[in-house]
Amino acid sequence: MIEREKAKHMGMIKDFKEFAFKGNLIDMAIGIIMGTAAAAIVKSFIDNIISPLIAVVAGVPDMSGLKYPLGQTIENAKGETVQAAIHYGTFLQNVIDFTILAFVIFLALRITSKWMKKAEAEAPTPPDIVLLTEIRDALKK
């Protein structure tokens with residue numbers, strides 16, 4: 001009975017190793033790490049270059065501070081009395097951030113796709129395909 005349980009655990013460990021160390025899973029983990037790093041770069045680009053330019057054009061230093069007051073005061077979670085308002089500036093800033101991020105991802109995918117097509121076009125034909133083609137042509141004659 002103990003041997004059966006031990007074998008069961010060893011099988012589970014083997015299955016886990018196969019799962020955890022498959023190429024696809026490792027590739028995915030690398031992609032997530034690279035994506036996180038790229039997101040930090042894009043966020044910095046948005047925060048430090050694009051947002052100040054938009055602020056100059058819009059005449060507002062920080063769009064997230066834009067709001068439309070509703071005329072009533074309410075008590076917030078901290079117990080402070082604040083004026084009720086629709087904070088549309090934060091929404092606008094998030095839309096701009098999303099648009100820029102989506103555009104950067106689009107460019108990255110487009111460039112990667114062109115590189116992959118170029119690499120596929122340059123890839124030599126495997127010798128077995130050439131041999132099979134020659135055999136097919138010889139049989140046709």
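With N as its number of residues, segment 27-141 has a Cα radius of gyration that, divided by 2.2 N^0.38 Å, comes to 2.03. What the phi angles of segment 73-81 give under the Karplus curve with 6.51, -1.76 and 1.60, with θ = phi - 60°, is a coupling list of 10, 9, 9, 7, 5, 7, x, 8, 8 Hz, glycine and proline written as x. Over the chain, with every protein chain in place, what whole percent of the accessible area is carbon and sulfur at 1.4 Å, could you tell me? Solvent-exposed carbon and sulfur of the chain make up 69 percent of the total.
Taking amide H as placed 1.01 Å from N in the peptide plane, the amide H of Ala85 sits under 5 Å from that of Leu70, each at least 5 places away or on another chain.
Given R₀ = 25 Å, FRET efficiency for Trp115-Ile49 by Cβ-Cβ distance, to 0.05?
0.45
Let me make sure I get this right: for segment 25-71, a, b and c are the square roots of the gyration tensor eigenvalues over alpha carbons, sorted descending. Under 1.5 in a/c it's rounded, otherwise prolate if a/b > b/c, else oblate. Which is it?
Because a/c hits 1.5 or more and a/b fails to exceed b/c, segment 25-71 counts as oblate.
With unit charges on the beta carbon (Lys/Arg positive, Asp/Glu negative), name the residue among Gln93, Ala108, Asn76 whose Cα is farthest towards the positive pole of the charge dipole of segment 76-121. Of the listed residues, the answer is Ala108.
At 1.4 Å probe size, put Ile46, Ile30 in order of accessible surface, largest to smallest. Show your work: numbers first, answer last.
On the way: Ile46 10, Ile30 90 Å².
Result of the area sort, largest leading: Ile30, Ile46.
Principal-axis analysis of the Cα atoms of the chain puts helix 127-140 at an angle of about 60° to the longest axis.
In order along segment 26-37, the phi-based Karplus estimate (6.51 cos²θ - 1.76 cosθ + 1.60, θ = phi - 60°) of 3J(HN,Hα) comes to 5, 4, 5, 4, 5, x, 5, 5, 5, x, 5, 5 Hz; Gly and Pro are listed as x. Among Asp47, Asp15, Asp97, the largest mean-square fluctuation in a Gaussian network model of the chain (Cα springs under 10 Å) belongs to Asp15. Here the dipole of the chain is about 480 debye; that uses its Cα centre as origin and unit charges on the Cβ of Lys and Arg (positive) and Asp and Glu (negative). Karplus-based coupling profile of segment 91-102, in residue order and whole Hz: 4, 4, 4, 5, 5, 5, 4, 4, 4, 5, 4, 4, with θ = phi - 60° in 6.51 cos²θ - 1.76 cosθ + 1.60 and x standing for Gly or Pro. Of Met28, Met10, Leu53, which is farthest on the positive side of the dipole of the chain, counting Cα position, with +1 on Lys and Arg Cβ, -1 on Asp and Glu Cβ, and the Cα centre as origin? In the chain, that residue is Met10.
Helix 2-20 and the longest principal axis of the C-alpha atoms of the chain enclose an angle of approximately 70°.
Over the chain, Cα pairs under 8 Å with separation of 6+ residues give a relative contact order of 14 percent. Per residue, the chain exposes 87 Å² of accessible surface when a 1.4 Å probe is rolled over the protein heavy atoms with every protein chain present.
The values are calculated or read from the model by the stated rules, or taken from the named source; none is laboratory data. It should be emphasised that the depicted structure is a prediction, and the values quoted were computed from it without experimental measurement. When we count neighbours, we look across all protein chains shown, and the Cβ atoms used for this are built from the backbone with ideal geometry, even at glycine. To get the accessible areas, we keep the full protein, side chains included, count just its heavy atoms, and leave off ligands, DNA and RNA. Shrake-Rupley method; radii C 1.70, N 1.55, O 1.52, S 1.80 Å.
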